[in-house]
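To keep things clear, I will list the structure first and then write my remarks on it.
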Amino acid sequence: MNAMGLSIGQVALAALMDIAFAVAIGSALLERWLAFEGQPTRIAWQRARASLVAASFALVLADALWLLYQSASMSGVGLPMAVGAVPTVIAQSHVGHAWCVAFGGAIVALIAALASRGGRAGQAALGLAAVLVVAGKASIGHAADAGLWSAAVAVQALHILATGVWGGVVLAGGLIVLPALDTSTTRGVLIRIAGRVSSTAATALAVVVATGLFNAQRGLGASLEPLSGTTWGHVLTLKGALVLLAVLLGGLNRTSALPRLRRTASTTDTHTFNNILHLEALVMIGVFIVAAVLARCEPGYTMLR
């Protein structure tokens, strides 16, 4: 496989890791919120739990495959031969060490998803898994150029976590769980869960914007020239446009569809809220894909050296 093929594979797997991580977080939150809502919400709770297990498994698999692609890229060999290079990459490279932290978090998440039943121990294990994943991922990216214990890595880790929470409740809620609450007997629960999804997404979004601006400023190197003169700048602009679209859709739900749903509890307003959330979820998938591409581009500040 040539360098272009390896790069495309890494981007695809990085996007899958981000999406799987987000869905795992969102599913865990939704499972917790639905745990005490009673028998009518059983199907929705089962969907949340199943998506947590599936997303955790996908995260482990994508992490493992990503390391294989990374080993092939670093060693300059094809994928079959890269299997032999994996131990060296893990033992002797910074990327390998950071990957071990992130992969360990993915394993903890999968074990917790399979073994727990929503108790405190399971929630604590999932929380630990999330911390390990974001710490590892932040240490692999461009933020680590400033040093492992730098503010840039800490901000990037917070950015990854907040994006996972925001995207997770939107993806798991809009595509998997809330459609199962679209009945007259579960309308009250849907309204409560929709409110939690909206509030959680809004809070996480505030952190995403703050940390994203910090990362953008660092990547630009205190100059706007890379924004229009580099591939990194073009991809960043596209990511910003998609984030803005997702924010507009979320704002439409929060300020219009959800208040109307709370007043009427009608089927029409339920469908309106769910449809907008579904569309926001599709946009979020685009955000994660573009973010993976951005991570593969050289930061804009490199052109100023």
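The values are calculated or read from the model by the stated rules, or taken from the named source; none is laboratory data. If you're wondering where the values come from, they're calculated on a predicted model, not measured in any experiment. So basically every Cβ, Gly included, is an ideal-geometry build from the backbone, and we count neighbours across all protein chains shown. Ligands, DNA and RNA are stripped out before the accessible areas are found, and what is left, the full protein with its side chains, is counted by its heavy atoms. Shrake-Rupley method; radii C 1.70, N 1.55, O 1.52, S 1.80 Å.
Numerical summary
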quantity	calculated
Residue in the stretch 243-261 that is open to solvent by less than 20 Å² (accessible area, probe 1.4 Å), without any contact (Cβ under 8 Å) to a residue 24 or more places away in the chain and touching a Ser or Thr at 6+ places or on another chain (Cβ under 8 Å) present	yes
Output for the stretch 46-57, where each listed residue is open to solvent by 30 Å² or more (accessible area, probe 1.4 Å) and among the aliphatic types (A, V, I, L, M)	ALA50, VAL53, ALA54
Test: residue in the stretch 191-204 that is under 25 Å from SER51 (Cα atoms), in contact with a helix residue (DSSP H, G or I) (Cβ under 7 Å, 6 or more places away or on another chain) and among the polar types (S, T, N, Q)	yes
Criterion: in contact with a helix residue (DSSP H, G or I) (Cβ under 7 Å, 6 or more places away or on another chain), more than 22 Å from PRO179 (Cβ to Cβ) and either in a helix (DSSP H, G or I) or of a type in the set (D, E, K, R) (or both) - qualifying residue of GLY233, GLY250	GLY233
Of all residues in the stretch 176-205 being over 18 Å from LEU258 (Cβ atoms) and assigned to a helix (DSSP H, G or I), the one that is least open to solvent (accessible area, probe 1.4 Å)	ALA180
Verdict on ARG32 being touching a helix residue (DSSP H, G or I) at 6+ places or on another chain (Cβ under 9 Å), open to solvent by less than 70 Å² (accessible area, probe 1.4 Å), under 30 Å from ILE176 (Cα atoms) and charged (D, E, K, R)	no
Hey, SER75 at pLDDT below 95, touching a Lys or Arg at 6+ places or on another chain (Cβ under 9 Å) and surrounded by fewer than 16 Cβ atoms within 10 Å (Cβ to Cβ) or not	no
Residue match in the stretch 75-85 (condition: aliphatic (A, V, I, L, M) and within 24 Å of ALA129 (Cα to Cα))	no
Some residue of the stretch 288-305 being over 17 Å from HIS142 (Cα atoms), without any contact (Cβ under 8 Å) to a residue 12 or more places away in the chain and surrounded by fewer than 18 Cβ atoms within 10 Å (Cβ to Cβ)	no
Filter result for SER51 (hydroxyl-bearing (Ser, Thr, Tyr) and under 19 Å from the mean Cα position of the chain (by Cα))	yes
Residue check, LEU61 modelled with pLDDT of 95 or more and open to solvent by 30 Å² or more (accessible area, probe 1.4 Å)	yes
Pair list, Cβ under 7 Å, 6 or more apart: the stretch 113-137 residue under 19 Å from ALA64 (Cα atoms) and in contact (Cβ under 8 Å) with a residue 60 or more places away in the chain, other residue among the aromatic types (Phe, Trp, Tyr) and part of a helix (DSSP H, G or I)	VAL133/PHE21
